[in-house]
1. Quick one: among 171, 303, 342, which has the greatest mean-square fluctuation in a GNM of the chain with alpha-carbon springs under 10 angstrom?
2. Find the Cα radius of gyration of the range 282-322, compare it with 2.2 N^0.38 Å by division, and give the number to two decimals.
3. Taking only Cα atoms and a 10 Å spring cutoff, compute GNM fluctuations for the chain and point out the largest among 340, 52, 161.
4. To the nearest 0.05, how large is the calculated FRET efficiency for residue 183 and residue 257 if R₀ is 22 Å and r is the Cβ-Cβ distance?
5. Could I have the simple spin-label model distance between residue 368 and residue 395, label points 7 Å from Cα toward Cβ, reported in nm to one decimal?
6. Work out how much length residue 172 to residue 220 would gain on full extension: take 0.36 nm times their residue separation and subtract the Cα-Cα distance, in nm to one decimal.
7. Cα centroid distance between the range 178-239 and the range 255-308, in Å?
8. What do you get for the angle between helix 337-348 and the principal long axis of the chain? Use alpha-carbon atoms, 0 to 90 degrees, nearest ten.
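Derivation of every value follows stated rules applied to the coordinates shown; laboratory data play no part. Note that this is a predicted model, so its numbers are computed, not measured. Here the Cβ is made from the backbone with ideal geometry for all residues, glycine too, and neighbour counts use every protein chain on show.
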Ligand code: PHE
């Protein structure tokens, strides 16, 4: 039975009609994988932070960027969305995509959530690293918690050009901007925009070379974010495929004027650490990052962050495959697949390697809808017994019936 309140990291919150965070997810908010010594996520974090430390120095030859890697993942909707100009009706706000604590708080869906508050606090150059939370499917590349690193760099006219220069940052004070397309914002002068674009792109190509080697093939792809304009993705060629490694762009000027900054232009980017770590160290399954097995962590001990490491699987244990079919509730808009994925995750934990929607149909007469999911159970470190899996699977069936109102077929 659900209580009125929910405790996360020893803080208590009121439940309401938005609450969809599960105990399993709440329990992951204190793991801080990005701060664990030798952990591959932590190794990638350190390599990126070191690259920024050495690439940007102030006049006293100290690092320009400061690093925030310990901010609470519990943020307000204002931080995660409004401060970044994400519209009210944007799909990323949906209950089926985010872990809401209630109508006021959620687990951050990106580390960009902290951008505005840090700028407001007076910072011009900073990195944010942390765990982020998104509801998603279950497979070897998706996990509801992953880690991101964000960066912001703001420059005044004097820093971008020089104090003697007559060049300006702004052409007009019209910060209205319709996101989308590859064009600059109207308020920016062409020269300010071009210099910022150039610094952003050379910084990030430098980063890609630092991580993947000088020979890495890369390409820029236009994209859109509500908080940058224009926006790009950087893709690198790895194992015969193009892999998107980060999103970036020139910060939307009204985001800055909204918090009282009217004399700076900025660039920003955000990247996911898991994807990069999986490539760099040949880690085949995202659940491995959560393994506490010393056979995993020991493989990443090293004295030099640049030593190549190739993960060797401890061993492959057999998969156990079970299907579950059910009729959705009469009011089928009440059901979404992500609810089922979270239910499985809450019960089976990391034993659920994949959950696939393998079949769906609508009964021609009754118009009832049916879904069939295939759940693949596998333990990372040992063989599961049939009895063990049957018990878990039964538990999933009962919970789906009781909590989601479905009828098992
Ligand atoms: N927050 C974006 C994401 O999660 C990444 C991003 C950060 C893009 C900053 C542009 C600027 O995909």
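1. Among 171, 303, 342, the largest GNM mean-square fluctuation belongs to 303.
2. Values: Rg = 12.5 Å, N = 41, 2.2 N^0.38 = 9.0 Å.
In units of the globular-protein estimate, the range 282-322 measures up at 1.38.
3. With Cα springs under 10 Å in the chain, the top fluctuation among 340, 52, 161 is at 161.
4. Given R0 = 22 Å and the Cβ-Cβ separation, E is 0.65.
5. The answer from the label model is 2.8 nm.
6. Working: separation 48, 0.36 × 48 = 17.28 nm, distance 2.89 nm.
Answer, rounded to one decimal: 14.4 nm.
7. Rounded to whole Å, the Cα centres lie 19 Å apart.
8. Tilt relative to the chain: about 70 degrees.
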